[in-house]
Amino acid sequence: MANVLVIYDSRTGNTEKMADQVAEGVRQVDGASVVLMNVDKAKLDDLVAADAIVLGSPTYYGNMSGKMKELLDKTYNIHGKLKGKVGGAFTSSGGTACGAETALLAMMQAMLVHGMIVQGRNDDKHYGAAAIEAPDEEEVKHCQELGNMVASLAVALEH
Ligand SMILES: Cc1cc2nc3c(=O)[nH]c(=O)nc-3n(C[C@H](O)[C@H](O)[C@H](O)COP(=O)(O)O)c2cc1C
């Protein structure tokens, strides 16, 4: 069983709604299970135990939130233990061309520094799922597809 950990930060609920849909996408994959966690509750052991980690943050000044960055900075203490895990990212922003992609890339950059495996996407939302405020129908689909893609890759890597 591939364990997918979805960690999100959300002050006004938009990124949390996305997280629910990413988790739903994971559940659609045979051989994958999901744990959904607010960033306030996330412990380093949770990250070490997971086969795949998906991070979701509101876009704050074109970056991830301070809480998400604080968690990532703490992963210095487990550096080396996340190598080979699958990663992905999602973000909710206030508008288009307002920093969503840089926020996604910031989270993915930390994953790459850990030696994690981050799959891009050729046909849509190249860097992960993004929504303007709360996810609309199409953005919900992208969140589910992100969860599905990350979980499918984690399951494939188990074999
Ligand atoms: C401190 C702060 C900084 C923000 N910076 C940006 C930004 O750079 N670009 C943007 O599009 N939205 C920005 N926003 C808006 C949030 O990204 C947006 O409202 C998001 O949907 C909030 O997600 P949440 O409901 O999960 O907290 C900012 C909001 C706050 C509170």
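A short reminder: the numbers here are calculations on the coordinates, not readings from a lab. Remember, predicted model here, so these are calculated numbers, not experimental data. As a convention, Cβ positions derive from the backbone with ideal geometry for all residues, glycine included, and neighbour counts pool all protein chains shown.
Structural remarks
- Number of residues in the stretch 1-39 that are of a type in the set (A, V, I, L, M, F, W, C) and part of a strand (DSSP E or B) equals 10.
- Entry remark, the stretch 134-159: residues being under 17 Å from the mean Cα position of the chain (by Cα) and part of a loop (DSSP other than H, G, I, E, B) number 2 in total.
- Which numbered condition D40 fails, given (1) touching a strand residue (DSSP E or B) at 6+ places or on another chain (Cβ under 7 Å); (2) in contact (Cβ under 8 Å) with a residue 24 or more places away in the chain: (1)
- Residue within the stretch 95-103 that is in a helix (DSSP H, G or I) and free of Cβ contacts under 8 Å to residues at least 40 places away in the same chain present: yes
- Residue in the stretch 43-53 that is within 16 Å of the ligand (Cβ to nearest atom), in a strand (DSSP E or B) and touching a residue at least 24 places away in the same chain (Cβ under 8 Å) present: no
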